[in-house]
Amino acid sequence: VEKLGGFVTWDAINRVVSIQIDKKTIELQIGNSIAKVNGKEVAIDPTNPYIKPLIINDRTMIPVRFVAEQIGCSITWNDRERKITIEYLMP
């Protein structure tokens, strides 16, 4: 996100990752399957409530598909190569 001109911050008390890019703010709380996008609650994955940000081995893991889609990225999956491609088109 930083390479795209955005900012990422960590609120250790509330365990929230905040991402700001363009005119969008995304807030992801550890262990919560509901994110906030510009203050509005949005399910990270409406079909799977188990998809949520986690901390594993002192590393914060966030659902990259959700974040990428929220900032307007194009996402493709190549099954043969088992590869994800994420493209960000500047607004």
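Within segment 10-36, work out how many residues are part of a loop (DSSP other than H, G, I, E, B) and surrounded by 15 or more Cβ atoms within 10 Å (Cβ to Cβ). Steps first, answer last, please.
Going residue by residue through segment 10-36, those that are part of a loop (DSSP other than H, G, I, E, B) are 12-15, 22-23, 30-33.
From the residues that got through so far, the ones that are surrounded by 15 or more Cβ atoms within 10 Å (Cβ to Cβ) too are 15, 30, 32-33.
Total meeting the criteria: 4.
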Some residue of segment 46-57 being without any contact (Cβ under 8 Å) to a residue 60 or more places away in the chain, within 22 Å of Glu87 (Cα to Cα), surrounded by 15 or more Cβ atoms within 10 Å (Cβ to Cβ) and among the basic types (Lys, Arg): no
field: Pairs with Cβ under 6 Å, 6+ apart, first in segment 1-26 and without any contact (Cβ under 8 Å) to a residue 24 or more places away in the chain, second loosely packed, with under 15 Cβ neighbours inside 10 Å and in a loop (DSSP other than H, G, I, E, B)
entry: Thr25/Asn38
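Within segment 44-80, track down each residue that is outside any helix (DSSP H, G or I) and among the basic types (Lys, Arg). Walk me through how you get there before you give the answer.
First pass over segment 44-80, keeping only residues outside any helix (DSSP H, G or I): 44-63, 71-80.
Within segment 44-80, Lys52, Arg59, Arg80 meet the criteria.
For segment 81-91, indicate whether the set of residues that are part of a loop (DSSP other than H, G, I, E, B), loosely packed, with under 10 Cβ neighbours inside 10 Å and modelled with pLDDT of 95 or more is non-empty. Walk me through it before giving the result.
In the first step, residues of segment 81-91 are kept if they are part of a loop (DSSP other than H, G, I, E, B); the result is 81-82, 88-91.
Retained after the next criterion (residues that are loosely packed, with under 10 Cβ neighbours inside 10 Å): 81-82, 89-91.
Next, from what is left, pick out any that are modelled with pLDDT of 95 or more: 81-82.
Yes, the conditions are met somewhere in segment 81-91.
The values are calculated or read from the model by the stated rules, or taken from the named source; none is laboratory data. Keep in mind that this is a model prediction, so the values were computed, not measured. Because the Cβ atoms are built from the backbone with ideal geometry, glycine has one as well, and the counts that use them run over all protein chains shown.
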